[in-house]
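**Student:** Below are the structure tokens for one structure; questions will follow.
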Amino acid sequence: MIKSIKNCEYFQVADETVLCELLHPKNENIEMGCSVAHALLEKGKASLPHKLNSSVEIYYITKGSGKIHINDESSNVEPGEIIYIPPGSVQFIENIGKSNLEFLCVVTPPWQGKDEELCVD
């Protein structure tokens, strides 16, 4: 199977990130232990604090510059860097650059809405 990001439909999710699901077993006739999405945040935007209760999230930064916040830690990130987010970790990412922040988001087991929880007051 080969899919192109050019044919992917983007939509805004609960944490206010804009993404397209590149590969997800619920959308494809495949068995796999993860889902893969392409995410973007416009200049000056940030995702809302959230957590996945039982899934690992991995972000691979492809464009732009950002700042990732995981629980009480934060770090600047740039293209070529990969971020591991353990299950149950409150996290958000902000775009601190001058253009879109883009990253691949891999979730294992595959992302499910019932596993995600917004952590805003």
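**Student:** Among DSSP beta bridges lying fully in segment 12-118, give the percent that are antiparallel, nearest 5.
**Tutor:** 100 percent
**Student:** Report the label-to-label distance for Lys3 and Ile58 in nanometres (one decimal), using points 7 Å from each Cα along the Cα→Cβ vector.
**Tutor:** The answer from the label model is 1.7 nm.
**Student:** Using the Karplus curve 6.51 cos²θ - 1.76 cosθ + 1.60 with θ = phi - 60°, what ³J(HN,Hα) values do you get for each residue of segment 46-56, in whole Hz, with x for Gly and Pro?
**Tutor:** 9, 6, 7, x, 7, 8, 9, 5, 10, 10, 7
**Student:** Report the number of Lys pairs in the chain whose alpha-carbons are under 22 Å apart, with separation of 8 or more residues or on distinct chains.
**Tutor:** Number of lysine pairs found: 17.
**Student:** Here's a follow-up. Given 0.36 nm per residue, what is the gain on full extension from Leu23 to Lys45 after removing their alpha carbon distance, in nm?
**Tutor:** Length gained between Leu23 and Lys45: 5.4 nm.
**Student:** Modelled label-to-label distance, Tyr10 and Thr108, 7 Å Cα→beta-carbon offset: nm?
**Tutor:** Label-label distance for Tyr10 and Thr108, simple model: 2.8 nm.
Just so you know, all these numbers are worked out from the coordinates, no wet-lab data involved. Note that the structure is a prediction, hence the values are computed from the model and not measured. Counting neighbours? That spans all protein chains shown, and the Cβs are built from the backbone with ideal geometry, glycine included.
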